[in-house]
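Chemist: Take a look at this one; I'll ask things after.
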Amino acid sequence: MDLEKLLTDRLTPAFATVAGTPVDPVVRRSQRADFQSDAALALARQLGQSPQAIAAEVLARADLTDLCSAAEVSGPGFLNLTVADEVLAGMVSALAIDLRLGVPVVTEPETVVVDYSAPNVAKEMHVGHLRSTVIGDAAARLLEWLGHRVLRANHLGDWGTPFGMLIEHLADLGEAEAAQELSIGDLDSFYKAARVKFDADETFQERSRRRVVALQGGDEATLRLWRLLVEQSERYFLTVYDLLDVTLTERDFHGESSYNDLLGSVVEDLDRLGLLRESDGAACVFPPGYKGRDGEPLPLIVRRTDGGYGYPATDLAAIRHRTGTLGATRLLYVVGLPQRRHFEMVHAAAAQAGWLASPARAEHVGFGSILGSDGRMLRSRAGGSVKLVGLLEEAIARATAMARERNPELGEAEAAEVGRAVGIGAVKYADLSSDRHKDYVLDWAGMLSLDGNTAPYLQYAYSRIQSIFRRAGLVARPEAGISLAEPAERALAFELVGFGRVVGEVADSLEFHHLTGYLYRLAAAFSAFYERCPVLRAERPIRDSRLVLCDLTARVLRQGLYMLGIQTPERM
Ligand code: ARG
């Protein structure tokens, strides 16, 4: 049970009585005492009394004796609350025997679709797909750990007009040659070569157009070539996922093409519901409230003039499938912010059609860009987009060199393993620890630093705790009595019992920087504790109590980092 909530539940009725209306006591952690409530200040004018008088009356009415060792009014009318040592110690003891670390399994599990990663076939994954993959995977891991049924949907861009030119280029190259080129992950040069031919050669353009028609018409020979493209690309994406240590598998590929058979009936449904309007020969939905610069209603084009279906139609079909067939009630779209309008309109149209009706809802989990050190969009030296794999390999190389240098005792194999965990961890953490709505600057030195709000710092804190136990040949006894006489012990205990609250909030907001911020505070509280409070040199029962604090810190760090997709090596 979280302390903010316990205290809030005690103060709420007292405030209501004093104010005559419901009041949120806004309990939060404080420097002055353990917690503070400033709600009396806001009530002063309304009640025509001094905040101090209001706070004093609330205190007189609130039943806090079993929770707090001190509760007082201070300054202009703050309520300062000090939690009783036995209460905090009791909570730590409960945590020590709780495999869930104070994060209960949800009572009402939902089916959640997490739409993430979604690179495009025969195109290199770029850094935007990195963000989607990292954030989406964290969402999937966290919600799954809470007990939800999570369906990962990798909405691969595997359909549409570019495939005419790609298939023609493939046919020109010959299947064996093309497969070779694609398998080494040289997707961009394949794509570019096709593009160059398309732009330069009119007969190639014409052939490409005919290919699109053949592809959409289900021509067997064309489909075979198309499948080759998709399979080779998927195979390549899987190697990236493996390197990146994300939970996406081949079973999660649900590319745009997989909705083809549904598109016709989606258009029929929309038509039957009276939602379709023709505009310049295209079939459109006009979700209310969306206007272009000229003030004209903005169309969502469901079927183009040429009869083809595009990106919006596929997304509408996917929604109908996800809520209707899969029974999902929460749909997450982990896609960059430039697509915000697209998702707003698609979700509005789906709501109009009744495919997104309460309790089902959709959220665009948007994110900003990754910038280079010059503060501009990340670019390679040649000015092209940065190849994701190159970035990951660089992170691993840097972290492996660091591991070797820091700990010469690590064997080659272990150094490589640590380097991988730390390098990939650093990339993911840098992403997840920045507010996803904003852009962030990729900074190698910063993200690999061993102090500061970084993955290596947290991984190091974890491995340091493991080494305490290793050195002493000891294990923590969860049933040991907990003593919190030292301020550093209390501070650490408050962080430990706060895990459940943070996880609950992040499950709603999917703002992972709140989870990283929490883990960082926890690790910092641990290091202050470890500096001031000897563990192995302490006498029992203090030693036993401190070993429990160490062990709990390690377990929370490991579980927290696991949900971010970050490994915790035992040694570093
Ligand atoms: N393939 C798209 C891109 O690279 C992202 C797809 C996102 N998911 C979706 N359901 N539209 O931009």
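The values are calculated or read from the model by the stated rules, or taken from the named source; none is laboratory data. Note that this is a predicted model, so its numbers are computed, not measured. Every residue, glycine as well, gets a Cβ built from its backbone with ideal geometry; the counts of neighbours run over all protein chains shown. Please note that ligands, DNA and RNA were not included when accessible areas were found on the heavy atoms of the full protein model with its side chains. Shrake-Rupley method; radii C 1.70, N 1.55, O 1.52, S 1.80 Å.
Listed here are the residues, each with its yes/no results for (1) closer than 30 Å to residue 334 by Cα; (2) in contact with a helix residue (DSSP H, G or I) (Cβ under 7 Å, 6 or more places away or on another chain); (3) not in a helix (DSSP H, G or I).
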position	(1), (2), (3)
459	yes, yes, no
481	no, yes, yes
534	no, no, yes
539	no, no, yes
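Chemist: Let me ask something else. For the subset of the stretch 322-336 comprising residues that are part of a helix (DSSP H, G or I) and buried (at least 16 other Cβ atoms within 10 Å of the Cβ), which member is farthest from the ligand (Cβ to nearest atom)?
Modeler: 323
Chemist: Continuing with this model, one more query. Would you pick out the residues in the stretch 29-82 that are crowded, with 20+ Cβ neighbours inside 10 Å and among the hydroxyl-bearing types (Ser, Thr, Tyr)?
Modeler: 37
Chemist: Within the stretch 337-365, work out how many residues are part of a loop (DSSP other than H, G, I, E, B) and either among the hydrophobic types (A, V, I, L, M, F, W, C) or in contact (Cβ under 8 Å) with a residue 12 or more places away in the chain (or both).
Modeler: Selection size over the stretch 337-365: 8.
Chemist: For the stretch 1-24, which residues satisfy the criterion of being out of contact with any Ser or Thr (no Cβ under 8 Å at 6 or more places or on another chain) and acidic (Asp, Glu)?
Modeler: 2, 4, 9
Chemist: Given the condition at pLDDT below 95 and more than 30 Å from residue 545 (Cα to Cα), answer yes or no: does some residue in the stretch 470-487 qualify?
Modeler: no
Chemist: To continue, here is another question. Looking only at the stretch 123-146, decide whether some residue is assigned to a strand (DSSP E or B) and within 12 Å of the ligand (Cβ to nearest atom).
Modeler: No; the residues of the stretch 123-146 include none that is assigned to a strand (DSSP E or B) and within 12 Å of the ligand (Cβ to nearest atom).
Chemist: With surrounded by 14 or more Cβ atoms within 10 Å (Cβ to Cβ), under 30 Å from residue 130 (Cβ atoms), within 16 Å of the ligand (Cβ to nearest atom) and free of Cβ contacts under 8 Å to residues at least 24 places away in the same chain as the only criterion, which of 370, 301 stands out?
Modeler: Result: 301 is the single residue among 370, 301 that is surrounded by 14 or more Cβ atoms within 10 Å (Cβ to Cβ), under 30 Å from residue 130 (Cβ atoms), within 16 Å of the ligand (Cβ to nearest atom) and free of Cβ contacts under 8 Å to residues at least 24 places away in the same chain.
Chemist: Being in contact (Cβ under 8 Å) with a residue 12 or more places away in the chain and in contact with a Cys (Cβ under 8 Å, 6 or more places away or on another chain) is true for just one of 101, 81. Which residue is that?
Modeler: 81
Per-residue answers, yes or no, for (1) acidic (Asp, Glu); (2) at pLDDT below 95; (3) assigned to a helix (DSSP H, G or I):
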{"position": "60", "(1), (2), (3)": "no, yes, yes"}
{"position": "66", "(1), (2), (3)": "yes, yes, no"}
{"position": "82", "(1), (2), (3)": "no, no, no"}
{"position": "88", "(1), (2), (3)": "no, no, yes"}
{"position": "99", "(1), (2), (3)": "no, no, no"}
{"position": "102", "(1), (2), (3)": "no, no, no"}
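For every residue, the table says whether it meets (1) assigned to a helix (DSSP H, G or I); (2) open to solvent by less than 10 Å² (accessible area, probe 1.4 Å).
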{"site": "469", "(1), (2)": "yes, no"}
{"site": "475", "(1), (2)": "no, no"}
{"site": "490", "(1), (2)": "yes, no"}
{"site": "501", "(1), (2)": "yes, no"}
{"site": "523", "(1), (2)": "yes, yes"}
{"site": "531", "(1), (2)": "yes, no"}
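Chemist: Right, another one. Yes or no: the stretch 5-20 includes at least one residue that is within 22 Å of residue 489 (Cβ to Cβ), open to solvent by less than 20 Å² (accessible area, probe 1.4 Å) and not small (Gly, Ala, Ser).
Modeler: Within the stretch 5-20, one or more residues are within 22 Å of residue 489 (Cβ to Cβ), open to solvent by less than 20 Å² (accessible area, probe 1.4 Å) and not small (Gly, Ala, Ser).
Chemist: Say whether the condition of being within 12 Å of the ligand (Cβ to nearest atom) and either modelled with pLDDT under 95 or β-branched (Val, Ile, Thr) (or both) is met by at least one residue in the stretch 104-112.
Modeler: Among the residues of the stretch 104-112, not one is within 12 Å of the ligand (Cβ to nearest atom) and either modelled with pLDDT under 95 or β-branched (Val, Ile, Thr) (or both), which makes the answer no.
Chemist: Separate question: For the structure I just gave you, tell me whether residue 317 is modelled with pLDDT of 95 or more, closer than 18 Å to residue 272 by Cα and open to solvent by less than 50 Å² (accessible area, probe 1.4 Å).
Modeler: Spelling it out, residue 317 is indeed modelled with pLDDT of 95 or more, closer than 18 Å to residue 272 by Cα and open to solvent by less than 50 Å² (accessible area, probe 1.4 Å).
Chemist: Does the stretch 147-184 hold any residues that are touching a Lys or Arg at 6+ places or on another chain (Cβ under 9 Å) and assigned to a strand (DSSP E or B), and which are they?
Modeler: Hits for the stretch 147-184 are 150, 151, 152, 153, 157.
Chemist: Looking only at the stretch 202-217, decide whether some residue is outside any strand (DSSP E or B), of a type in the set (Phe, Trp, Tyr) and within 16 Å of the ligand (Cβ to nearest atom).
Modeler: No: zero hits.
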